[in-house]
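Structure, as structure tokens:
Every number in this text was worked out from the coordinates using simple rules, so none of it is lab data. Since the model is a prediction, treat every value here as computed from it, not as a measurement. In this analysis, Cβ positions are derived from the backbone assuming ideal geometry, glycine residues included, and neighbour counts consider all displayed protein chains.
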Amino acid sequence: MATMQLQSGPADTAQINPAAPGTVPFGIMLAHTWYLTGRKLHALVRQPWVLAFSVVQPVIWLFLFGALFRKVIDIPGFAFGGSYLAYLVPGIIAMNAMSNNMWAGMTMIEEIERGTLNRFLVCPASRIAIMNASVAEQGVSTTAQSLIIVGLGLAGGARYQGGVAGVTVMVAASILLGVVFGALSSSVGMLLRSREAIIGVYTFFMLPLMFLSSAFMLTSLMPGWMQAIASRNPLNWSAIGVRCGGLLVLAVACVAVSVVTFRSYQKNV
């Protein structure tokens with residue numbers, strides 16, 4: 001068990017002061033992140049159907065909208081050199097990354113209710129590593145889901161102009177986007193400890209962010225006010241290579257917020 005390994009080294013314990021998590025050496029923090037991530041991935045491997053079912057809705061959206069709006073590609077000014085299905089794939093990957101990771105707060109609430117999170121608070125585990133493990137597990141899940149969607153798009157006839165490099169950038173962006181919303185959801189879960197609040201946040205953000213992005217339509221064909229919102233929407237993947245830098249900064253900031261929230265939770269236990 002990962003928790004047993006974290007407690008087994010007296011030297012490590014001597015170097016870590018749970019009351020002052022900022023003093024944890026970087027190497028030990030990485031080791032704890034490794035063990036705690038392994039714990040989460042082990043649970044994921046034992047329930048592969050969770051991963052499979054998580055892409056059912058994105059696949060429905062992909063092929064439903066791909067068939068329903070396939071003629072959109074012929075609109076004057078659309079200017080996309082491929083099928084509408086190929087155009088949809090990046091948007092569906094973005095939607096999936098946001099949608100699945102916004103439920104991370106539910107997992108956090110479950111760990112609080114089961115007492116798992118509190119048990120970690122009394123062991124010499126790095127507080128940053130506890131949050132990093134959630135980020136790493138979300139990244140692995142998002143990568144697998146994104147590649148499944150890419151593969152299904154290929155099977156449906158989509159061809160990606162950027163080739164392997166383009167798909168790699170797209171998957172990397174999906175990971176960063178998932179980290180952003182996963183970290184924010186975890187923070188909400190720790191602060192409010194309410195499933196209804198997580199559902200409310202999901203409902204409030206999901207559809208507006210999706211339809212105010214370039215996921216289904218080029219922003220140049222939108223009304224002016226929609227273009228203004230889309231230009232600042234993290235789900236808008238035009239100029240994705242440039243946006244990856246912004247997503248990276250935003251992801252780091254959101255993880256930092258989740259760590260601060262976790263330390264605040266620790267003080268109130």
| request: Taking the chain as the reference, fit the longest principal axis to its C-alpha atoms, fit the long axis of helix 240-268 to the helix C-alpha atoms, and give the angle between the two in degrees, 0 to 90, nearest 10. | output: 30 degrees
| If you look at just the Cα atoms of the chain, how large are its Rg and its Dmax in Å? | 20.2, 69
| task | Would you kindly compute the Cα radius of gyration of the stretch 26-147 and its largest Cα-Cα separation (Dmax), both in Å? | result | 19.2, 63
| said: Apply the Karplus curve 6.51 cos²θ - 1.76 cosθ + 1.60, θ = phi - 60°, to the phi angles in the stretch 211-219 and return the couplings in whole Hz, x for Gly and Pro. | reply: 7, 9, 9, 8, 4, 10, 8, 4, 5
| query | Between residue 232 and residue 211, what length comes free when the chain is fully extended (0.36 nm per residue of separation minus the Cα-Cα distance, one decimal in nm)? | reply | 6.2 nm
| field | Principal-axis tilt of helix 127-155 within the chain, Cα atoms, nearest 10 degrees | value | 30 degrees
| query | So if R0 is 51 Å, what FRET efficiency would residue 121 and residue 74 give, r being the distance between their Cβ atoms, rounded to the nearest 0.05? | reply | 0.30
| Using θ = phi - 60° and the Karplus form 6.51 cos²θ - 1.76 cosθ + 1.60, what ³J(HN,Hα) does each residue of the stretch 35-45 get, whole Hz, x for Gly and Pro? | 5, 6, 5, x, 4, 5, 5, 4, 5, 5, 5
| remark: Quick numbers on the stretch 79-145, Rg and Dmax over C-alpha atoms in Å, give 17.4, 58
| query | How high is the relative contact order of the chain, in percent, counting Cα pairs under 8 Å that sit 6 or more residues apart? | reply | 25 percent
| query | Which of these, 227, 145, 161, has the largest mean-square fluctuation under a Gaussian network model of the chain (Cα springs below 10 Å)? | reply | 161
| task | Please compute the net charge surrounding residue 85, taking Lys and Arg as +1 and Asp and Glu as -1 over other residues with Cβ under 13 Å from its Cβ. | result | +3
| note | Descending packing, highest mean Cβ count within 10 Å first, for 30-43, 129-142, 63-76 is 129-142, 30-43, 63-76
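Given the -39500 (n - 2.57) contribution per DSSP H run of 4+ residues, what per-residue ellipticity at 222 nm results for the chain, rounded to the nearest 500 deg cm²/dmol?
-24500 deg cm²/dmol
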| Helix 84-101: angle to the longest alpha-carbon principal axis of the chain, degrees 0 to 90, nearest 10? | 20 degrees
| request: Please give the FRET efficiency for residue 67 paired with residue 34, using the beta carbon to beta carbon distance and R0 = 45 Å, rounded to the nearest 0.05. | output: 0.55
